[in-house]
Amino acid sequence: MARKNLLKGLMEGTAEPQEGDASPARVDASRPRYNTGAIGVVSKSIADLKSRSVTEIDPDLIDSGGLQDRLDAGGIDELARAIRDYGQQVPVLLRPNPENPDRFQVVYGRRRVAALRALGATVKAMVRALDDRELVIAQGQENSARKDLTFIERANFARQMRDAGYDRKVICDALHTDKTLVSRMLSVADRIPVDLIEAIGAAPGMGRDRWMKLADSLGGQDMTSEALGDTSDARFEAVMAELNAPKPPALPPAAIKATDGADLATTDRKRGKTVLTLNTKSAPGFDDWLVENLARLHRDWQNSRGQ
């Protein structure tokens, strides 16, 4: 009976007093009492099984967590239809929310959570207690194992980890790659503005060499407005086409004179824009009038062209 009671206490978090005990003692359920020997092995096995068990959780209790891994958040409707027809085949991984113990954070499986939330269904999940470092490593390794993140998504993930203070070894472990490739990823992610990366998207057809060429060609230019197209790959190609287009010769700044010969303004034309600088001393108040009437002047210009 003593052995039976001992195992019962292990499972329930309390231990029955045994013969020879000075006094009954309650076992802290959060700390296994037996750490060595056969009982320690059983205790560890039970804890491991609990961490691998799958439970169903209300998606409204699940918050975002970790770093941004995907640049394209589309496809949720298609995923929801597949889950509706065939069920959720693969559980997501969650951790207890450090800010609210009654809620959870996604480690990986964000798209599945979004699809199940849209369906109004519970989420099949494994729940593990992970700190921030363990979270991003688990997130990165799961993404690497799936092999469906594109180069720029992996590069953007590496940049976020670096900016969050993780050292190079942790980044390598999370992405399951070596320091040389991580350095190349960071070189690309640092030279291409985040706004442009997000405007282009995942670009699944563009590998490391194409992104490195884009980074080399940018030269600090803001090309976000050129990222136009129906697909991510098309937006990438549009930016590259604009960068490779023949550049018109730069025009020198030009002076504009008033009818009385006074310096009225200067123009400085650059690719895609013209900068007009008014001399407010020679024509005080003209700048305000021009700003107020610019839309009307543009309309008159359009009318003169039959537009």
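Summary of values
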| item | result |
| --- | --- |
| Residue in region 151-170 that is of a type in the set (Asp, Glu), open to solvent by 40 Å² or more (accessible area, probe 1.4 Å) and within 19 Å of Asp131 (Cα to Cα) present | yes |
| Extreme residue, surrounded by the fewest Cβ atoms within 10 Å (Cβ to Cβ), among residues of region 98-113 that are touching a residue at least 40 places away in the same chain (Cβ under 8 Å) and in a helix (DSSP H, G or I) | Arg111 |
| Residue within region 135-147 that is open to solvent by 20 Å² or more (accessible area, probe 1.4 Å), within 15 Å of Gly65 (Cα to Cα) and touching a strand residue (DSSP E or B) at 6+ places or on another chain (Cβ under 9 Å) present | yes |
| Region 114-127, residues that are among the small types (Gly, Ala, Ser) and in a strand (DSSP E or B) | Ala125 |
| Of residues in region 212-231 being under 15 Å from Val188 (Cβ atoms) and at pLDDT 90 or above, the one surrounded by the most Cβ atoms within 10 Å (Cβ to Cβ) | Leu214 |
| Scan of region 255-285 for residues that are within 27 Å of Leu243 (Cβ to Cβ) and either open to solvent by 90 Å² or more (accessible area, probe 1.4 Å) or assigned to a strand (DSSP E or B) (or both), ordered by number | Thr267, Asp268, Arg269, Lys270, Arg271, Lys273, Thr274, Val275, Leu276 |
| Residue pairs meeting the criteria (Cβ under 9 Å; at least 6 apart or on separate chains; first within 11 Å of Leu119 (Cβ to Cβ), in region 83-94; second in a helix (DSSP H, G or I) and basic (Lys, Arg)) | Ile83/Arg112; Gln88/Arg112 |
| Residue selected from region 151-210 under the condition in a helix (DSSP H, G or I) and of a type in the set (Gly, Ala, Ser), by the criterion modelled with the lowest pLDDT | Ala174 |
| Every residue from region 286-301 that is over 30 Å from Gln221 (Cα atoms) and open to solvent by less than 100 Å² (accessible area, probe 1.4 Å) | Phe286, Asp288, Asn293, Arg296, Leu297, Asp300 |
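The values are calculated or read from the model by the stated rules, or taken from the named source; none is laboratory data. Please read these numbers as outputs of a predicted model, since none were measured by experiment. When we count neighbours, we look across all protein chains shown, and the Cβ atoms used for this are built from the backbone with ideal geometry, even at glycine. For the accessible areas, the whole protein counts, side chains as well, though only heavy atoms, and no ligand, DNA or RNA atoms are used. Shrake-Rupley method; radii C 1.70, N 1.55, O 1.52, S 1.80 Å.
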